[in-house]
């Protein structure tokens, strides 16, 4: 895996590596010859820098020839919203138990009821 350099809004470089960073959510993936469902997706990762700061990013991928994959650095709040959307989605594919455990380790209050 090639490292990718992402820039924060204040100009800091964050060097990410999907092989080494923590994958918090991996979108379901099917090859195009099995239908069009799950031929595009976004995976959520957490990178821990040498400074011990946590950085979250999405890796947007596509199995279509004319579409490029790309990285998007996001803040912690957006990472939480992204995961909650996956939990509350209308799709039959939801985060795995392991992904839920990783999110609870990362954001301990995320799944506590507030109503």
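The values are calculated or read from the model by the stated rules, or taken from the named source; none is laboratory data. Since the structure is predicted, the reported quantities are computational estimates derived from the model, not experimental observations. Backbone-built Cβ (ideal geometry, glycine too); neighbour counts: all protein chains shown.
Things worth noting here:
- Elements of type strands (runs of 3 or more DSSP E) in the range 1-53, at least 1 residues being farther than 23 Å from residue 101 by Cβ and at pLDDT 95 or above: 4-7, 13-16
- Those residues of the range 85-99 which are surrounded by 13 or more Cβ atoms within 10 Å (Cβ to Cβ) and at pLDDT 85 or above, in sequence order: 99
- Some residue of the range 77-88 being closer than 22 Å to residue 4 by Cα, assigned to a helix (DSSP H, G or I) and without any contact (Cβ under 8 Å) to a residue 24 or more places away in the chain: yes
- Residue in the range 59-73 that is at pLDDT 90 or above, farther than 16 Å from residue 19 by Cα, surrounded by 16 or more Cβ atoms within 10 Å (Cβ to Cβ) and touching a strand residue (DSSP E or B) at 6+ places or on another chain (Cβ under 8 Å) present: yes
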